[in-house]
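Novice: Sharing a structure below in structure tokens format, with a few things to ask.
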Amino acid sequence: MALETRSQHRCFGGIQGFYQHPSKTIGLPMRFSVYQPPQAEQQRVPALFFLAGLTCTEETFMIKAGAQRYAAEYGLMLVSMDTSPRQTGIAGETDAWDFGAGAGFYLDATQAPWSQYYRMESYITQELREIIIEHFPVDKNRTGIFGHSMGGHGALTLALRYPEIYHSVSAFAPICAPMQCPWGQKAFRNYLGEDQQNWRQYDAIALIEDGRRAPDLLIDQGLDDQFLAQQLSPEALEKACREADQKLTLRFHSGYDHSYYFISTFIDDHLKHHHTALL
């Protein structure tokens, strides 16, 4: 596998790198980023996979979240990836900001033409994971997952679907009930078809209702988030977790919106949460 290093930068005693490779799963080049903390020079370290939100790329979290300072302190590797395949040639893939390019929703599409390339679930849980294990000093038995917005949805659902891989999970302002909101319905209808039974495997609340469980959840949500009322539904997730005895810490924050200013404010708490779970 030809792994291309696009750039590397010294950062808090560690290495921030950006990479590209030809993906067998996607069928196109894919980009990802890795922060290796200083401890990785001496030993294998736990890894956290961060899933970004709509319109983001593999660079967004690493540039905006301010996470490297804390990852260096706790000895955590950070991995982030692009939010969808790019330049697939599919008609209309760049027509909308909330669907298609930049909006892969961390699932494996089953509907043409999207099913040919849009296989982000398999890419993250299989191919990218194997690349990280092969090329970076990671402890493969200590991995966690977290994300923001669409990526928060992805983190929750992948943690619920792959408890053998992800031993810690958290989210910032996640789409908690995609089957019930405009973003999720648009994505699921186009990627997965009209049968809503097929949607349940990518809806955190439905997965919990259907018996799936994840490690203790930490979720932060800003009360001034412009998408809170129509798209996110944290109270519905709280209810589902309470009824299913799924452990959840849900924190609401007055004055905070949906931006990376919000994420950077609470990123330390999330890395502490993962560090404790992955000890």
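The values are calculated or read from the model by the stated rules, or taken from the named source; none is laboratory data. Keep in mind that this is a model prediction, so the values were computed, not measured. Please note: Cβ atoms are built from the backbone with ideal geometry, for glycine as well, and neighbour counts cover all protein chains shown. Heavy atoms of the whole protein, side chains included, go into the accessibility calculation; ligands, DNA and RNA do not. Shrake-Rupley method; radii C 1.70, N 1.55, O 1.52, S 1.80 Å.
Novice: Residues of region 55-170: accessible area per residue at 1.4 Å, in Å²?
Specialist: 34
Novice: Pop a pseudo-label 7 angstrom from the Cα along the beta-carbon direction at both residue 253 and residue 198 and give the gap in nm to one decimal.
Specialist: 3.8
Novice: On a straight-distance basis, which aspartates and glutamates could pair with residue 64 in a cross-link, Cα separation under 19 angstrom, same-chain partners fewer than 8 positions away excluded?
Specialist: Cross-link targets: 73, 82, 220, 225, 257, 268, 269.
Novice: So, with +1 on the Cβ of K and R and -1 on the Cβ of D and E, and no other charges, what is the size of the charge dipole of region 51-192 about its Cα centre, to the nearest 20 debye?
Specialist: Computed about the Cα centre, the dipole is about 280 debye.
Novice: Run the helix sum for the chain: -39,500 (n - 2.57) per DSSP H stretch of 4+ residues, divided by residue count, reported at 222 nm to the nearest 500 deg cm²/dmol.
Specialist: Roughly -8000 deg cm²/dmol at 222 nm, from the helical runs in the chain.
Novice: Which whole-number percent is the relative contact order of the chain (Cα, under 8 Å, 6+ apart)?
Specialist: Reported relative contact order: 17 percent.
Novice: With the Cα gyration tensor of region 230-275 giving a ≥ b ≥ c as the square roots of its eigenvalues, does the rule (a/c under 1.5 for rounded; else a/b larger than b/c for prolate; else oblate) give rounded, prolate or oblate?
Specialist: oblate
Novice: Another one. In the P(r) worked out for region 1-64, what percent of Cα pairs fall beyond 17 Å?
Specialist: 49
Novice: Shifting gears a bit: Among the lysines, which fall within straight-line cross-link reach of residue 239, defined as a Cα-Cα distance under 17 Å, with same-chain neighbours fewer than 8 residues apart omitted?
Specialist: 247
Novice: Now for a different question. So if each residue of separation counts as 0.36 nm, and I subtract the Cα-Cα distance between residue 216 and residue 264, what length gain in nm does that give?
Specialist: 15.1 nm
Novice: Just add up the charged neighbours of residue 45: K/R +1, D/E -1, any other residue whose Cβ is under 9 Å from the Cβ of residue 45.
Specialist: Charge balance in the 9 Å sphere: +1.
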